[in-house]
Amino acid sequence: MRLSRLVRFGVDILFPPRCVFCGGIVAPGTEICGNCAKEIVPSGTGGCVSIPVRDRDVPCAFLYPYEGKVRDSMLRYKFHGQKQYAGFYARELAGRIGGARRGERLDLVTSVPLSDGRLRERGYNQSELIAKPVARALGLPYVRCLRKTRPNGVQHLLSREQRLRNVRGVYSLCGEPVRGKRVLLIDDIVTTGSTLAECSAVLLEGGAAGVACAAVARSAPEQS
Ligand SMILES: [Zn+2]
């Protein structure tokens, strides 16, 4: 056994890999257990919602309903430092997007930004951590296009109308220009779609030729 494999073997015994969804111990080299693989199946092309953005609709693909073990998993990912889940979510999401694309052109991948304060507090942008490997898997560049210019508090306690007002004017373009580009915009969870709608509007007003969105999970407003 080569040293690197021996070390890996030792690490797996001391810290066995655990299922992304239920936290149970799984075989080395796997990310989800047999039960969860059977129970939690990513949505097909039906997993898509339409988000109204100014005068058009932007599609948003998602993998799972935000409930049960998916919700538990995403809470561990977002608030309890389980950053390594990003790789699993990204592979599943890239598979879902790649399957639905049917030759439709995309030029770059970006993600919903966090405010500077929130980023400092969490230490990572959970959407960017997913979007980067999605971009790699799709053979597209990841580009930081958006920034959040001010914190706007939590969205999940607000009604749909309050959410829309709460995100207005909070995002702006940064970095490379998006003019003429078709952008895939990624977030971790889509609820009413108000954040994705506002970010999409900023990209389109900045000259993007088109925007498509994708999220790991879709939450009903009352669930989040
Ligand atoms: Zn499991």
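The values are calculated or read from the model by the stated rules, or taken from the named source; none is laboratory data. If you're wondering where the values come from, they're calculated on a predicted model, not measured in any experiment. As a convention, Cβ positions derive from the backbone with ideal geometry for all residues, glycine included, and neighbour counts pool all protein chains shown. These area figures cover heavy atoms from the full protein model, side chains too; ligands, DNA and RNA do not enter into them. Shrake-Rupley method; radii C 1.70, N 1.55, O 1.52, S 1.80 Å.
Only helical runs count toward this figure. For the chain, summing -39,500 (n - 2.57) over DSSP H runs of n ≥ 4 and dividing by all residues gives -11500 deg cm²/dmol at 222 nm.
Where both residues lie in region 65-224, what percent of DSSP beta bridges are antiparallel, nearest 5? Bridges in region 65-224 are about 20 percent antiparallel. Among the GluC sites (Glu not before Pro) in region 131-224, those located in a DSSP loop and surrounded by at most 13 other Cβ atoms within 10 Å of their own Cβ are Glu222. Of the trypsin sites (Lys or Arg not before Pro) found in region 6-69, the ones in coil according to DSSP and having at most 14 other Cβ atoms within 10 Å of their Cβ are Arg54.
Here the accessible area is traced with a 1.4 Å probe on the protein chains. For the chain, carbon and sulfur cover 53 percent of it. Over all distinct Cα-Cα pairs of region 82-182, the Kirkwood formula returns a hydrodynamic radius of 15.2 Å. Membrane-span-like helices in the chain, defined purely by DSSP H runs whose alpha carbon atoms cover 20 Å or more axially and whose average Kyte-Doolittle hydropathy reaches 1.0, do not occur.
Averaging over all projection directions, the Cα-based convex hull of region 102-160 occupies 5.7 nm² in the image plane. In the full protein context, region 1-128 carries 58 Å² of accessible surface per residue, based on a 1.4 Å probe and ignoring ligands, DNA and RNA. Both radii were evaluated on the Cα set of region 1-95; the Rg over Rh quotient, with Rh as the Kirkwood radius, amounts to 1.10. In loop segments of region 121-173 as defined by DSSP, the trypsin sites (Lys or Arg not before Pro) with at most 15 further C-beta atoms inside 10 Å of their C-beta are Arg144, Arg168. The orientation-averaged projected area of the convex hull spanned by the Cα atoms of the chain comes to 13.6 nm². In terms of overall dimensions, the C-alpha atoms belonging to region 152-205 reach 35, 20, 15 Å along their principal axes, ordered largest to smallest.
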